[in-house]
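Here the structure comes first, spelled out in structure tokens, and everything after it is commentary.
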Amino acid sequence: MEDRFNDLEDEQNKNSFSQTPSGSINRGNLGQGQKEVPNAQAIFIIGIVSIALSLCYGIGLVAGIVGLVLAKNGKEDYEKEPELYTKESVKQMTTGKTLSMIGVGVSALIILVLVIIYAALIISSL
């Protein structure tokens, strides 16, 4: 009974996060020698922010462009040596890029609508 408990505990420790003496997080599920795509999490977060800010007079355009540039750089790094990076971080980067594209598109559409409305107001006041 005690051996089953120890085996279960060992299995849980393999899949959990641990902290190294330097204070950084060691992720047990990354695989041997693999790391995350640079800025994958930042790209994802920026993509979400670009969609949220796109509803505020198209301000999300800036965040979306930053997300797309970071995603381009991350993709270039991944394509050089794909075996170095985890599939999860590649998916996160791709999702962030997609969210950034949506944010840029919605922002551009809102800016276009605002320009048309302002132009119509200016023309009607003449």
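Descriptive notes on the structure:
- Residue exposure proxy: Ser124, Ser100, Ser89, Ser107, ordered by other Cβ atoms within 10 angstrom of their Cβ from fewest to most, comes out as Ser124, Ser89, Ser107, Ser100.
- Spin-label pair Lys35-Leu112: with each label point 7 Å from Cα along the Cα-Cβ axis, the two points sit 4.1 nm from one another.
- Sorted ascending by nearby beta carbons within 10 Å, beginning with the fewest, Leu126, Leu70 become Leu126, Leu70.
A short reminder: the numbers here are calculations on the coordinates, not readings from a lab. Every value quoted in this text rests on a predicted model; they were computed, and no experiment measured them. Please note: Cβ atoms are built from the backbone with ideal geometry, for glycine as well, and neighbour counts cover all protein chains shown.
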